[in-house]
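Just below is one structure, and these are the notes that go with it.
Quick note: the coordinates plus some simple rules give every number you see, no bench work behind them. This structure is a prediction, so every number in the text was calculated from the model and none was measured. Neighbour counts run over all protein chains shown; Cβ positions are idealised from the backbone, glycine included.
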């Protein structure tokens, strides 16, 4: 009887040991898989963080160019506003032509956003830390806000300012000076009177406000770009420079 009890205990003990070893093996396998997935996720995030940083660095160079253009444009808008606002100098045709041509130029901001687009639309953003994800998402939103404002400016130019200038300015002259800064014939203002002068005055005021807002958006975007790069470099221990 004692032998049977001993044998039963041994069998149970063996089964328990086998179960424990199986449980341990499964648990270790699960932990190893999780660790491997975590390391793979970190590796992917680090590689994509490098790509995001390179894209944003390219953006910052373009943003700085756009800021410089905005500053020049604001100065010319202010000068044009004062000319139109002054009865004495309202017929300085050549100056108004040249300033008006510059007002209608706006280099388009070419964003290097392919990596961020992939992150946001393919689910890879979940591989990033919370701080990194927030910075990347915020940067993308700031870009979208800027593009929306640029579209408003483009619409204002195409639907208000350019049609007006085509009526008041010599059309061939105006097109020529925009593209090559030269006159194809003697500068002249057609239909230039008190009403058209004040209408242009209102358009220039609208352009001043838009350009100033765009300038501020570029400044905000540049600050967000710098912050995003700093966060990514810190989170993934990437070389700064």
So what are the radius of gyration and Dmax for the Cα set of the range 51-235, in Å?
20.5, 65
Among 200, 117, what is the fewest-to-most ranking by other Cβ atoms within 10 Å?
117, 200
Using a simple spin-label model with points 7 Å from Cα along the Cα→Cβ vector, what separation in nm is obtained for residue 71 and residue 130?
3.9
So for 68, 238, 215, fewest C-beta neighbours within 10 Å to most, what's the order?
68, 238, 215
Pairwise centroid distance, computed over Cα atoms, of the range 203-224 with the range 107-153, Å:
19
Mind giving me the nanometre distance, one decimal, between the label points for residue 148 and residue 117, set 7 Å out from Cα along Cα→Cβ?
2.0
Ranked by Cβ crowding within 10 angstrom, fewest neighbours first, how are 66, 237 ordered?
237, 66
